[in-house]
Amino acid sequence: MVKIARALLFVFALSCSTNDKLPADHLLHYTLGAEPSSFDPVKSENIVNAVMQRQILECLFEYDYATNDAQVSPLLATSVEISDDGIQYDILLRHDAQFFDPFEPALFDGRLRALNAHDVLFCWLRQADARLNSDGWWAINDTFVGIKELHHATANPDATLAQQAFDDAVKNGIEGLQVMDDFHLRVRLQRSDTWFLNRLAMSYFSVYPHEAVESDQRSMRDQPVGSAVFYLEQFVPGQKVLLTRHTDWRGDMSGDATGVEFQVVRDAQTPIEMFKRGLSDRLTLSANSAKQFLNENGELKKGLVDDGVTVSDYPRSDISMLCFNMQDSEIGHVPADDAGNALRRQLRHALALAFPREQWQDLLYQRLPFISATSFIPPNVGEQHQVYPWHDDLSQARQILEEAGYYSQHKLPQVEFVLFGTDSMSIALGEIYSVALKEIGVECELVAVPYAQQMQRAANGEAQIFVRNWTLDWPDSRLIYDTFKSDNIGGSINLSRFNNQPFDKLLDKLALAQDPTQRQQIEAQLDTILYTECPAMPIEHRQLWVLGSKRITNFKMRPFDLMPCKSYILKDD
Amino acid sequence: MRFSRLVAGLYIAVALVAASGAIPVEINNDFYRGNTSVWQSAAHGAKVALIIGSIAASTALLIGSVLGFISAWYGGLIATIILWMATSIAAIPGILLVLILSYGMGGGISAVFFSVGLVSWVGVYRLVHAEVLNLRNQGHVESASSLGASVPLIAIRHILPCLKPILAAQFVLHFMYAVKAETVLSFLGVGVHQQASWGRMLADAWAFGDLSNGNYTRIIVASLCLAGLMLTLQSHIYGRQK
Amino acid sequence: MIKQICKNLISALAIIVGVHLILFIALQSPTFGDPIARETQSSNDRALLASAAQRLGLIADINFAAFNLTVHANESETFILTMDSFFRLHHSNGQAIIETAVPATLGELVADLNNNPLITATINDGFAMTSSDEIALVYFGNKVTLSAEQPYHAAVLHPVSSPQRFFNSLTSLLSFDFGNDRNSRPISNTLWQRGLRSLAIAAPSFFIIFIGAFLLAVSAHGRKRLSRNLNAAAILCMSLPALLYIFIIRQTFVINLEWAPLRPYGDPVLPLFILPILITVFVGIWPEYLLMRSFIDHRMRKPFIQAARAQGIGEQRIWLRHLLPNLAGPLSQHVALNLPFLVLGSLLLETIFNIPGLGISIVEAIQNHDSNMLRAITFVVAIAFLVMQAAATLVGRYFDPRQRSEGHI
């Protein structure tokens, strides 16, 4: 037996390895919580997918690494001319962008092909192809003239007709998207949009060759072909993604990483330890890890600063909100039941007031910063907003319920709070709300489901109360108000299923309003409706604090671009 | 043996006190981070463990013994069908089936004990089946049958008393299995919600990084409570075997 | 002999059907929610829903060209069409203006629409006589907003009965056609790769446990003090939860002492397996030791061993010539019956050590509602169990002449 013990110890000693160090390969090393499910931009809603696609594929515009603002600069485009009415855009493309195909069988001779305006047309129209159920349809549906008609035509259950409609559009363009020549694209919008170029910087508008999609032997999902500085060298599902830099790219890469290695790590503890040991170059701080890296004042600990670790805050334009299902008969809006609706409105206000905002934020963030929301619109979005007194107050909640007669005449319904995860943190967050609701006499059942299922239930109208986050892709308040537009019920946008005609009409007015004062007035009215009807309550505007390792000399976060890998300059020991 | 009975009694007493509401757990953020109310959570964990263990084991015993008796007594097609069900369930790894059922029922305490009960009955069934086949030919059973006693009467008055030792041992075994299964299910997020349990304490310790923060209390307390209960139960089996 | 083999094959097939029935009820029935909504991620797209229903085997075929229903509104307001248990057309203020039971004949539907003063409907094809059990409007309970003069497609479809679906699903599993997972990747590839990883931990652990437990039991036999101490250690170690060992050992050796590597799964993989194997051995050896002890003690008390001793046969010869052959049968059966469950991997170990094996696949499959993956994993393990059971029986018969002569299985 002693011999066995010795043998086991010997085997164990063999495995002991202190060479847990990164080789000096000038490679960026990141961890991912989940693997990308697709490299195809029609599946870009998943943040991991979007980040991966951005490394391999390019858009016409991008956010400049040097600045911290929301202005975009040309990437595949060289210049753009906008008409006076803001409807027509003439976009000129660069001539030296090329697609590189690293896979077999190769799509092009010499693995390279020049990118042109026809490719742009194909990729953008593909987002409107109803057969693909693209994640990007919401971003494109109110842009180009004729895009809705194309979407409808491709929804034809007759497969031949649907394909014909798409082929015609690719060949001849649509009214709002025309190829003038190989490097000149003309766009006509349904209406003027100040943020149109920002929209084009989203990964949904990435450009890739049609051959990568049309090939029978390959799929864009797993074998993406793009024009960016990195290409996909290796993808091991569930394990890692390895991107390698082109040896002779067209030459305007500001960083010097030879590639990026993403490793899939499912638990929350290992990435923290890996960062501490220098095995990964980036770490998003969470409540659990904040204590290990930040001091009581919320600053990076001195030892880490001396080591060369940097922290960058990312003022994400974001809102986390508590949503009520407005089509639920117990808490929502029932057509033609004015008396009941008035009662239910009071109930929603009470449920909102009972939300333990401070406790929630402390549990989620601890030392990390956040902005407790007094408005749906984040403060960095620009306009000053009427601030409504969203806050938590149990006694006020009780008072509202009492005045509404819920403690005397009407029965309080049992509510259901659908969580966004089955992990301990999500369950804990749910429990603190259910405990608070109990204080005001409302029984709350918790439903713990993974995030994807929570979204699915909410989209189906099966979730009664839930918390959802909405991140803006550019600082435009309309992107938040759109989440309450009745047209968007049934997808992943208007999860509250808010259906309010005056609100919709005001939103349409806002879309047309150019004058800042007018916009402010309309937004104030929109905020008033949201506060009065209470389909949701804003909780906080999340901020992201990210640590960069000492290897990255110029680490920082930028708005709307989570991993600007091509811009980092590395210093290896 | 006497000592183990004392310890078992202590667990039951603590569970009853917790169930009566005399041990409040203050739900605040320090609680989730494992800084406060650890012993109170452990007390509530005893309550949850006893509920889950006893209901799961009882369910397994009830289903297993009824089906075991029916298949042994009547034989024929019905025995074949029951045997088929039992073998099919036994062919699927227990923890996998428990996970699927528990998740399908939406998690929570009732999901845990029903899923464990629905999976565990097979072992009881096999033992009861074999024993009833044996007992069926015993003198007292044959006499009762020939005197016209009804089948339920024979089952309860003549067969059940002989099965007691087996059922008692099986009860304890499945009780232990259920309590252990709860820790796995809670760790994976489909276990107990809205109340403290030993499994949740371990799951929360991992999720909130207790070990990284140098806080070992929650893990040690939950593990000791689990170990204490398991030891008590095992010594009960061991004592009986002696 | 052949009769016996046929009988065994039939009983094996029966068990496969039983396992599949359990999976069918748990995963392909509405127990986990609407499988179509899950498949299409709650799409409202009619064609997508219908093709998903077809892919899931819920409907045999769809004829979209059957008829084309155009609803003309007399006012320029929107109408909202819903289908739950009725076909309902709502005015935009929420008032229901049409309710028709679904399925309805085309004629009934058109008549209801035509009877309403606000709207008219036209049919482009003459299917008014289609029987009611064939028509179903393919909306699957989703709400669709119609605008005026929206051409609207309906379909004739033929539902597949549950027994037929069960049969189709069973035959595809029996031909090892597992289909694709949630990310549209072939499951067979995933099963193979992940299964090998789980096996890389489980198989060495199992054999070390088996041999180690046996040697411990042999050492403990006849030595009272050692036996008592080992028994106490076994009971104590079995009482503590496996999670505790995993947490403490990982924190100590990986994080604090840095003796074992901390990195996600990747080459070289062998160092990553050592600690999980050691933990599995430490957790698993105790119940095996107790089992071996009981096997050995039980046989050592048998009369034939006493007779051998009485004849003066040496202890070593007794072990090798008399005891081991008697142990071989039940032990190999025990090994064979436990082997299939090895491929499952340890869910806890793989989760905490980030090893992408089958265990973690199960957890992900449950969370992502990947019923194809769950079916595949469960089915493969069940098949392995049956194969091993048959092998165990043969081994048992080989070692135990009594079973051979009585023809027991």
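Counts of other chain beta carbons within 10 angstrom of each beta carbon in peptide A:268-280 average 4. With a 10 Å cut-off around each Cβ of A:438-447, the average count of Cβ atoms from other chains is 1. Our compactness index for region C:229-341, the C-alpha radius of gyration over the empirical 2.2 N^0.38 Å, is 1.50.
Among the trypsin sites (Lys or Arg not before Pro) in region A:191-250, none sits in a DSSP loop with a Cβ that has at most 10 other Cβ atoms within 10 Å.
Taking a ≥ b ≥ c as the square roots of the eigenvalues of the Cα gyration tensor, chain A is oblate, since a/c reaches 1.5 or more and a/b is not larger than b/c.
Ordering B:Val48, A:Thr532, A:Gln346 by the projection of their Cα atoms onto the charge dipole of the protein assembly as shown, which places +1 on the Cβ of Lys and Arg and -1 on the Cβ of Asp and Glu, puts B:Val48 at the extreme positive end.
Of the residues B:Ala57, A:Leu125, B:Ala149, the one whose Cα sits farthest toward the positive end of the charge dipole of the protein assembly as shown, with +1 on the Cβ of Lys and Arg and -1 on the Cβ of Asp and Glu, is B:Ala149. The aspartates and glutamates whose alpha-carbon is closer than 15 Å to the alpha-carbon of B:Lys47, local same-chain residues fewer than 8 away aside, are B:Glu182. For region A:461-573, the dipole from Cβ point charges (+1 on Lys and Arg, -1 on Asp and Glu) about the Cα centre works out to 500 debye, to the nearest 20. Amide H contacts of A:Leu28: A:Thr258, A:Gly259, A:Val260, A:Glu261, each under 5 Å away and 5 or more positions distant or on a separate chain (H built 1.01 Å from N in the peptide plane; Pro and chain starts excluded).
Rounded to the nearest 0.05, the FRET efficiency derived from the C-beta distance between B:Met105 and B:Val66 at R0 = 25 Å is 0.70. Charge tally around A:Gly548: other residues with Cβ under 9 Å, Lys/Arg +1 each, Asp/Glu -1 each, net +3. Over chain A, dividing the summed -39,500 (n - 2.57) contributions of all DSSP H runs of at least 4 residues by the number of residues returns a 222 nm mean residue ellipticity of -9500 deg cm²/dmol. Along region B:108-121 the Karplus relation, 6.51 cos²θ - 1.76 cosθ + 1.60 evaluated at θ = phi - 60°, assigns HN-Hα couplings of x, 5, 5, 4, 5, 6, 5, 5, 5, x, 5, 9, 7, 5 Hz to successive residues, with x for each Gly and Pro.
Viscosity 1.002 mPa s, temperature 20 °C: give me the Stokes-Einstein translational D for region A:82-199 in µm²/s, with Rh taken as the Kirkwood radius over C-alpha pairs. Walk me through the numbers before you get to the answer.
Working: Rh = 15.4 Å.
The diffusion coefficient I find is 139 µm²/s.
What you get for the protein assembly as shown, charging only the Cβ of Lys and Arg (+1) and of Asp and Glu (-1), is a dipole of about 8280 debye around the Cα centre.
Applying both filters, DSSP loop and at most 12 other Cβ atoms within 10 Å, to the chymotrypsin sites (Phe, Trp or Tyr not before Pro) of region B:163-242 eliminates every site. Summing charges over all other residues whose Cβ lies under 12 Å from the Cβ of A:Leu294, with Lys and Arg as +1 and Asp and Glu as -1, gives +1.
Arranged from fewest to most other beta-carbon atoms within 10 Å of their beta carbon, C:Ile362, C:Ile305 become C:Ile305, C:Ile362.
Once you sort the root eigenvalues of the Cα gyration tensor of region C:187-406 as a ≥ b ≥ c, which label holds: rounded (a/c under 1.5), prolate (a/b larger than b/c) or oblate (the other case)? Because a/c hits 1.5 or more and a/b fails to exceed b/c, region C:187-406 counts as oblate. What you get for region C:187-406, charging only the Cβ of Lys and Arg (+1) and of Asp and Glu (-1), is a dipole of about 1080 debye around the Cα centre.
Between A:Gly461, A:Gly226, A:Ser280, the Cα set farthest toward the positive side of the dipole of the protein assembly as shown (charges on each charged residue's Cβ, about the Cα centre) is that of A:Ser280.
Going down the list A:Lys301/A:Lys566; C:Lys7/C:Lys302; B:Lys180/C:Lys7, which pairs span over 31 Å between their C-alpha atoms? C:Lys7/C:Lys302; B:Lys180/C:Lys7, as the Cα separations exceed 31 Å there. Cross-link partners of A:Lys171 among aspartates and glutamates, defined as those whose alpha carbon lies under 17 angstrom from its own and excluding same-chain residues fewer than eight positions apart: A:Asp119, A:Asp129, A:Glu149, A:Asp181, A:Asp182, A:Glu211, A:Glu214.
Judged by the gyration tensor of its Cα atoms, with axes a ≥ b ≥ c, region B:47-201 is prolate; a/c meets the 1.5 cut and a/b is the larger of a/b and b/c. Report the local net charge at A:Ile371: Lys and Arg +1, Asp and Glu -1, summed over other residues whose C-beta lies under 14 Å from its C-beta. Net of charged neighbours comes to -1. At q = 0.16 Å⁻¹ the log10 of I(q)/I(0) for region A:397-551 amounts to -1.07, computed by Debye summation with a single uniform scatterer per C-alpha, solvent ignored. If R0 is 45 Å, the Cβ-Cβ spacing of C:Ile25 and B:Val151 corresponds to a FRET efficiency of close to 0.90.
Ranked for footprinting exposure by Cβ neighbours inside 10 Å, fewest first, B:Ser197, C:Ser11 give C:Ser11, B:Ser197.
FYI, it's all coordinate maths here, none of it is from the lab. Small disclaimer: the values here were computed from a predicted structure and weren't measured. Glycine gets a Cβ as well: all are built from the backbone with ideal geometry, and neighbour counts include every protein chain shown.
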